[in-house]
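Visitor: Before anything else, here's the structure in question.
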Amino acid sequence: MNWRKIWDFIWNDNSLLSWIVNVILAFIIVKFLLYPGLGLVLQTNHPIVAVVSGSMDHNGNFDSWWKAQGNWYEEHGFTKQQVKSWKMSNGFNKGDIIVLRGSKTLNPGDIIVFQGNSDNPIIHRIINVEKEKLFYTTKGDANPDSSEYLGEVNIPKERIIGRAVFKIPYLGWIKILFAQLLGF
């Protein structure tokens, strides 16, 4: 086997076949090396998720969002300053990528990805921690309340996939559009 010819074909050939091989190689490297490696480092099986709903969208800045949602948070014991100090206090949008990390300690205000009552994982903010039983309750920032139907109440630790660390805006649209194209 001539490795130089293979190397040349992959990196220098501009044919359609070379392009197809490059796409397949990129997929294999990301799917079987990068993604699992990142998961190992970040201590979660799903280190990167694309946001596919608007449940955490603030539609503007924090203050305009607070005018619409602040009463709910105040009624549940959270002050405006407290909520503003939370990570990603301005929420995030459909199409953003969220990087996750496994976490042993979770607190109100943390954003988690968890398996709810549907096939798709949910990414919402913790609004209550039941310390004795270690159950969590979440709420989407743009949602009016927590939904038992979605499985946002009494979430056990086993259903939590990871805690949001940071976001990468818009990059998730690649996954969303690809999934729509394939009919997922």
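A short reminder: the numbers here are calculations on the coordinates, not readings from a lab. Just so it is clear, the model here is predicted, and its values are computed rather than measured. Positions of Cβ are generated from backbone atoms using ideal geometry, with glycine treated the same way; all protein chains shown enter the neighbour counts.
Visitor: Suppose we flag trypsin sites (Lys or Arg not before Pro) only when DSSP calls them loop and at most 14 other Cβ atoms lie within 10 Å. Which is the longest uninterrupted stretch of the chain? All intermediate terms of the calculation are to be shown ahead of the outcome.
Guide: Details: sites that count: Lys87, Lys104, Lys131, Lys133.
My reading of the result: 1-86 is the longest stretch.
Visitor: While we're here: Want the number for Phe9 to Asp145: 0.36 nm per residue separation, take away the alpha-carbon distance, what's left?
Guide: Working: separation 136, 0.36 × 136 = 48.96 nm, distance 5.59 nm.
Residue separation times 0.36 nm, minus the Cα-Cα distance, leaves 43.4 nm.
Visitor: Please report how far the C-alpha centroid of the stretch 1-69 lies from that of the stretch 96-112, rounded to the nearest whole angstrom.
Guide: 20
Visitor: Moving on. Compute the signed sum of charges (Lys and Arg +1, Asp and Glu -1) over the other residues within less than 12 Å, Cβ to Cβ, of Phe166.
Guide: +3
Visitor: Can I ask one more? Tell me the relative contact order for the chain as a rounded percent, counting alpha carbon contacts under 8 Å between residues six or more apart.
Guide: 23
Visitor: What's the FRET efficiency of Leu33 with Lys131 using the Cβ-Cβ distance as r and R₀ = 41 Å, to the nearest 0.05?
Guide: Given R0 = 41 Å and the Cβ-Cβ separation, E is 0.55.
Visitor: What is the sum of charges around Gln69, taking Lys and Arg as +1, Asp and Glu as -1, for the other residues whose C-beta is under 14 Å from the C-beta of Gln69?
Guide: -1
Visitor: Test of understanding: what is the full-extension gain from Gln82 to Ile20, defined as 0.36 nm times their sequence separation minus their Cα-Cα distance? Before the final figure, lay out the partial values.
Guide: Values: separation 62, 0.36 × 62 = 22.32 nm, distance 5.08 nm.
The Gln82-Ile20 span can extend by a further 17.2 nm.
Visitor: If each residue of separation counts as 0.36 nm, what is the full-extension length gain between Val41 and Ile168 once their alpha-carbon separation is subtracted?
Guide: Difference between extended and current length: 43.9 nm.
Visitor: Could you check the simple spin-label distance between Ser89 and Glu75, using points 7 Å along Cα→Cβ, in nm with one decimal?
Guide: 2.3
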